1. Quickly run through region 160-175 and pick out the residues that are within 17 Å of residue 32 (Cβ to Cβ) and surrounded by fewer than 20 Cβ atoms within 10 Å (Cβ to Cβ).
2. What tally of residues in region 175-200 results from selecting those that are at pLDDT below 90 and more than 14 Å from residue 91 (Cα to Cα)?
3. Within region 125-146, which residues are buried (at least 17 other Cβ atoms within 10 Å of the Cβ), at pLDDT below 95 and out of contact with any helix residue (DSSP H, G or I) (no Cβ under 8 Å at 6 or more places or on another chain)?
4. Select from region 41-60 the residues that are under 13 Å from the mean Cα position of the chain (by Cα) and surrounded by 15 or more Cβ atoms within 10 Å (Cβ to Cβ) and write down the one among them that is farthest from residue 176 (Cα to Cα).
5. Say whether the condition of being without any contact (Cβ under 8 Å) to a residue 60 or more places away in the chain, out of contact with any helix residue (DSSP H, G or I) (no Cβ under 9 Å at 6 or more places or on another chain), more than 21 Å from residue 196 (Cα to Cα) and part of a strand (DSSP E or B) is met by at least one residue in region 79-97.
């Protein structure tokens, strides 16, 4: 179950922060800062992540803690994704264009999104939103997806993803735009020792597929 929750988190991270072939093309701001609350709940487990997000001209920094209180930092630029454990001075990185990069799921999501149907309107965090719903299959896993888009700028304020009995909800709060953000936020510390994530992710996804086939 933990592996499934982690996979859904990666998918949800993709869904919130990436769209089309340019991973930040959905963000209508030159600079922005917000807090994101991501909650994944299944019959056996519930996990919540609170993330502080900083964005500047196609670069992003995400700071947060896992459920065990361990701090992590994710930095994304136009070439690499860096996932860093600041305390241990260790991290992993992989190229944006890697076939194993979960952010490339945005291509499949964008195709699915073309069939989205508007199902209503709702105000989320003082923002008028339109609600859209659609289904999508990623790596053989079928998801039902619901998103709340700001009418003002078409920015996704809230998303809900359901896989069988597991639901993941992400909500953006305290959104600030047009603020000053230093470029240093998007440069990994030179003291961090990185390992290659691409091979690790390839093995993880292949194992997940094998496990799913055995259960069928």
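1. Matches in region 160-175: 171, 173, 174, 175.
2. 1
3. 127 - this is the single residue of region 125-146 that is buried (at least 17 other Cβ atoms within 10 Å of the Cβ), at pLDDT below 95 and out of contact with any helix residue (DSSP H, G or I) (no Cβ under 8 Å at 6 or more places or on another chain).
4. Among those residues, the one meeting the criterion is 49.
5. Checked against the condition, which is being without any contact (Cβ under 8 Å) to a residue 60 or more places away in the chain, out of contact with any helix residue (DSSP H, G or I) (no Cβ under 9 Å at 6 or more places or on another chain), more than 21 Å from residue 196 (Cα to Cα) and part of a strand (DSSP E or B), region 79-97 yields no hits at all.
The values are calculated or read from the model by the stated rules, or taken from the named source; none is laboratory data. Please read these numbers as outputs of a predicted model, since none were measured by experiment. Heads up, the Cβs are rebuilt from the backbone with ideal geometry, glycines too, and the neighbour counts pull from every protein chain shown.
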